[in-house]
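The values are calculated or read from the model by the stated rules, or taken from the named source; none is laboratory data. All of these numbers come straight from a predicted model, not from anything done at the bench. Cβ coordinates were reconstructed from backbone atoms using ideal geometry, including for glycine residues, and neighbour counts include every protein chain displayed. Accessible surface is based on the protein model in full, side chains and every heavy atom, while ligands, DNA and RNA are left aside. Shrake-Rupley method; radii C 1.70, N 1.55, O 1.52, S 1.80 Å.
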Amino acid sequence: MRFEIMRLDDIDGTAVDSTVVDAASVNRIVQQAASIGQRIYIRPAATAAR
């Protein structure tokens with residue numbers, strides 16, 4: 001499963017940038033964000049139609 005992780009602006013909470021990662025990378029990214037106090041939003045990535 002893949003997830004979209006958006007980095008949020010500290011002032012108004014709008015998405016500044018985003019990346020799509022696999023499930024194995026989510027924990028590492030969350031830990032990094034927590035260590036520097038970065039706000040992020042995580043959601044399942046949209047799947048492409050087959």
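Only residues that are assigned to a helix (DSSP H, G or I) and either open to solvent by 70 Å² or more (accessible area, probe 1.4 Å) or in contact (Cβ under 8 Å) with a residue 40 or more places away in the chain (or both) were counted across segment 11-28, and they come to 3.
Mind listing whichever residues of segment 34-48 are surrounded by 10 or more Cβ atoms within 10 Å (Cβ to Cβ), in contact (Cβ under 8 Å) with a residue 12 or more places away in the chain and not aromatic (Phe, Trp, Tyr)? If the condition is that a residue be surrounded by 10 or more Cβ atoms within 10 Å (Cβ to Cβ), in contact (Cβ under 8 Å) with a residue 12 or more places away in the chain and not aromatic (Phe, Trp, Tyr), then Gln38, Arg39, Ile40, Ile42, Arg43, Pro44, Ala45 are the ones that fit.
Taking segment 29-50, which residues are in a helix (DSSP H, G or I) and of a type in the set (Val, Ile, Thr)?
Answer for segment 29-50, where residues must be in a helix (DSSP H, G or I) and of a type in the set (Val, Ile, Thr): Ile29, Val30, Ile36.
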